[in-house]
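**Student:** Please find one structure pasted underneath; my questions will follow.
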Amino acid sequence: MAEETITFELIRRIQREEQRIQKLTKLPENFYKTVNDYLFQKRQLTLKDDRKIVLEMKQIERLIEDVFNKRESKILKFAIIAARSHGQPENMLEEEKTFFNSLVKLIKDRRDENISRVLQSERGEKETLILFKEDVPEFVGSDLKTYGPFKKGDVAKLPEDNMKILVERGVVEEFKINK
């Protein structure tokens, strides 16, 4: 949208379009700041007892709030869609893009975490085992139980601390299986 002078009529037209159309309407750049400046100037030039101007300003404030709310709802809907399939709606202002990207990240993270947890529980829990790549003599584990001796090719389940040490030393290889 070309840079237009902010007027009551323009704000009302934008508000009607925002209600009527499913996608985000094109707003003038820095729309909210320009409207803020417009209202500030009107307040400076208006006498407090000019009832007509005061009512017009109240109506502009309600219209702007409605535009903001409609756009926010649309961005929320588009963020859910984008988290599932990617993409970004057209006609977002810069601050709306930041909001949108934050929402998409939050939704994707939540989806990934919950879906993987649900799928994990459906498949059963995973158990970590180790495969010995060389012979290891008998040793006492961190749980004070005796383990071993192990031969190259043996598979075992050990306490987490002991598995980490053996993996770090390159003596074993970790792998997971469904329980």
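**Student:** Can you tell which of GLY87, GLN15, THR98 lies farthest toward the positive end of the dipole of the chain, using +1 and -1 charges on the Cβ of basic and acidic side chains (Lys, Arg; Asp, Glu)?
**Tutor:** In the chain, that residue is GLN15.
**Student:** With springs only between Cα atoms under 10 Å, which of LEU106, LEU93, LEU45 fluctuates most in a Gaussian network model of the chain?
**Tutor:** LEU45
**Student:** What translational diffusion coefficient, to the nearest whole µm²/s, does the stretch 126-179 have by Stokes-Einstein, given a Kirkwood radius computed over alpha-carbon pairs, a temperature of 25 °C and 0.890 mPa s viscosity?
**Tutor:** Roughly 221 µm²/s, to the nearest whole number.
**Student:** Can I ask one more? Find which of VAL167, VAL155, SER142 sits farthest along the positive direction of the dipole of the stretch 130-179, computed with +1 on the beta-carbon of Lys and Arg, -1 on that of Asp and Glu, about the Cα centre.
**Tutor:** VAL155
**Student:** Please give the charge dipole size of the chain, origin at the Cα centre, charges +1 on K and R Cβ atoms and -1 on D and E Cβ atoms. Round to the nearest 20 debye.
**Tutor:** Value, rounded to 20: 760 debye.
**Student:** At GLN22 and GLU72, where each label point lies 7 Å from the Cα along Cα→Cβ, what is the point-to-point distance in nanometres?
**Tutor:** My value for the distance between the label points is 2.4 nm.
**Student:** Given labels modelled 7 Å from the Cα in the Cβ direction, how far is it in nm from LYS176 to PHE40?
**Tutor:** For LYS176 paired with PHE40, the spin-label model returns 5.4 nm.
**Student:** Here are some pairs, LYS70/LYS105; LYS42/LYS74; LYS33/LYS105; LYS105/LYS176; LYS42/LYS70; LYS42/LYS77; which of them have Cα atoms lying more than 23 Å apart in this structure?
**Tutor:** With Cα atoms farther than 23 Å apart: LYS42/LYS74; LYS33/LYS105; LYS105/LYS176; LYS42/LYS70; LYS42/LYS77.
**Student:** Could you tell me the extents of the stretch 8-120's C-alpha atoms along the three principal axes, largest first, rounded to whole Å?
**Tutor:** The Cα atoms of the stretch 8-120 stretch 67, 23, 20 Å along their principal axes.
**Student:** Can I ask one more? Please give every one of the aspartates and glutamates within straight-line cross-link reach of LYS164, meaning a C-alpha to C-alpha distance under 12 Å, and leave out same-chain neighbours fewer than 8 residues apart.
**Tutor:** The reachable aspartates and glutamates, counting only those whose Cα sits under 12 Å from LYS164, are GLU173, GLU174.
Here, each number is a calculation from the coordinates, and none is a lab measurement. Because the structure is a prediction, the values reported are computed rather than measured. Glycine gets a Cβ as well: all are built from the backbone with ideal geometry, and neighbour counts include every protein chain shown.
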